[in-house]
Amino acid sequence: MKSIKLIEVRSELGAGTRGASLGIEALKLASLEYGSYFFGKYKSKEIRDNSRLLFKNPVRTYAKRIRGVIKIFERQAKAVSDEIKAGRIPIVISGDHSSAGGTIAGVKMAYPKSKIGVIWIDAHADLHSPYTTPSGNIHGMPLASALGIDFQDKPKNPVKGDTVPFWDVLKNVGGICPKITPDNLVFVGLRDMETEEIQYIRKHKVKIVKIPQIHKGKIKEICNDILTYLGGCDYLYVSFDIDSLDSSVVKGTGTPVPNGLTVKEAKKLLTGILKDPRVCCFEITEINPLLDAENRTASRVFPIFRDAVNAIEKRLKKAQLEKRMAEKITKSVSQVKPAFPVVEKKSNRLIAKKTSSKK
Ligand SMILES: [Mn+2]
């Protein structure tokens with residue numbers, strides 16, 4: 001049976017506020033409040049971080065700590081690709097959302113010839129590049145890196161020097177660029193975007209599911225609609241930035257935004273999407289306990305994460321059961337001896353016919 005493997009990326013090099021690298025511990029400790037043995041159940045792999053870079057001055061204004069982020073992308077991509085190739089489903093818990101660029105690179109490395117669909121559940125579009133970023137933080141750029149876009153035609157920032165070649169390296173991690181196309185991308189929960197991102201979304205008619213649609217209910221239908229829309233994709237990657245949730249629910253995240261999802265809606269949404277057998281990787285990101293009080297954010301997010309992983313586990317079990325049933329049926333059919341030799345009779349007739357026509 002396919003199994004689940006956790007990938008822990010304790011990096012916050014792409015974020016502007018300190019503390020997201022502690023998000024994994026926050027989530028693990030929150031699980032204990034529920035008396036859950038979730039984290040004892042799954043094997044996990046840790047990606048080596050470059051946190052020492054936090055104590056150095058980020059020299060590139062429009063792509064802060066990009067050299068460190070490239071290393072994380074490469075390690076992350078290899079880990080994700082290795083797990084998929086070994087028949088497992090990697091579930092990524094990351095510090096900041098930049099690592100999703102490395103995750104997508106890994107999915108594409110595992111399936112270089114397949115169409116990869118991306119469901120991006122986030123308050124932000126993360127479509128910036130060094131040429132448009134208002135902050136220089138790479139956690140606003142992972143989708144641009146996966147789509148291989150720059151906005152060089154209308155640059156807002158005077159990007160110079162080695163930022164340009166380093167951005168090219170980032171886009172090309174995994175050896176394929178672009179890794180995804182805008183028609184295979186769906187945004188859920190977007191509500192805080194910059195002009196360049198809005199223009200890109202409009203130009204390429206990228207599908208968006210807005211929060212008011214989700215508030216109306218019928219989340220099951222919304223999930224089915226998203227999955228049908230991505231019908232041409234062979235595999236799906238689901239990225240869940242916890243700032244898709246309402247800022248009143250998740251205070252402990254780098255860029256909280258009001259008017260977001262409720263915990264109940266997020267649970268329904270994720271379980272509805274992750275049941276699709278094409279989902280080959282899931283990521284949860286941007287938990288920052290330093291911005292929080294009494295670990296409340298991770299405590300609210302853990303049940304969402306647990307239900308999401310359970311939805312994947314449930315469909316893996318279902319697939320295994322169906323496979324066993326099919327094997328049993330094939331076995332029992334092959335053991336049944338026919339009452340008369342049907343096949344032989346038929347072939348005899350054929351031979352007989354052929355011989356007669358020759359005569
Ligand atoms: Mn994000």
For this session: Tell me which residues come under 5 Å, amide H to amide H, from residue 5 once H is placed; ignore anything under 5 positions away on its chain.
Result: 89, 91
Seminar exercise, completed: From the Cα centre of the stretch 213-252 to that of the stretch 1-40, the distance in Å is 21
Exercise. Put +1 on the Cβ of every Lys and Arg and -1 on every Asp and Glu Cβ in the chain; which of 37, 247, 26 then has its Cα farthest towards the positive end of the dipole?
Worked result: 37
Exercise. In deg cm²/dmol and to the nearest 500, what is the mean residue ellipticity at 222 nm of the chain if only DSSP H runs of at least 4 residues count, each as -39500 (n - 2.57), divided by the residue total?
Worked result: -14000 deg cm²/dmol
Problem set entry | Bridge type composition, the stretch 3-324 - antiparallel percent by DSSP, nearest 5 | 0
For this session: Before anything else, pin down the relative contact order of the chain: Cα pairs under 8 Å, at least 6 apart, normalised by residue count, whole percent.
Result: 21
Problem set entry | GluC sites (Glu not before Pro) restricted to DSSP loop in the stretch 219-292 with at most 14 other C-beta within 10 Å | none
For this session: Have a look at 336, 186, 279 and tell me which one the Gaussian network model of the chain (Cα, springs below 10 Å) gives the largest fluctuation.
Result: 336
Exercise. Going by a ≥ b ≥ c, the root eigenvalues of the Cα gyration tensor, does the stretch 3-324 fall in the rounded group (a/c under 1.5), the prolate group (a/b larger than b/c) or the oblate group?
Worked result: rounded
Problem set entry | GNM top mover of 26, 319, 266 - the chain, alpha-carbon springs below 10 Å | 319
Exercise. Under a 5 Å amide H to amide H cut-off, with H placed in plane at 1.01 Å, what residues pair with residue 279 once short-range neighbours are removed?
Worked result: 236
For this session: Sort 165-174, 323-332, 53-62, 298-307 for me by packing, meaning the mean count of neighbouring Cβ atoms within 10 Å per residue, highest on top.
Result: 298-307, 165-174, 53-62, 323-332
For this session: Kindly put 44, 99, 129 in sequence by how many other C-beta atoms sit within 10 Å of each C-beta, fewest to most.
Result: 44, 129, 99
For this session: Sequence neighbours fewer than 8 away in the same chain don't count; with that in mind, list the lysines whose C-alpha is under 20 Å from residue 2.
Result: 41, 43, 45, 78, 85, 108, 275, 314, 317, 318, 323, 328
Exercise. Under a point-charge model restricted to the Cβ atoms of Lys and Arg (+1) and Asp and Glu (-1), what is the dipole moment magnitude of the chain relative to its Cα centre, in debye to the nearest 20?
Worked result: 2600
Seminar exercise, completed: Listed by chain and number, the residues whose amide H is under 5 Å from that of residue 261, excluding neighbours fewer than 5 places away on the same chain and using placed H, are 245, 246
Problem set entry | Given charges at beta-carbon only (K, R positive; D, E negative), |dipole| of the stretch 1-141 in Debye | 580
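Every number in this text was worked out from the coordinates using simple rules, so none of it is lab data. Because the structure is predicted, anything quoted here is derived from the model rather than measured. Backbone-built Cβ (ideal geometry, glycine too); neighbour counts: all protein chains shown.
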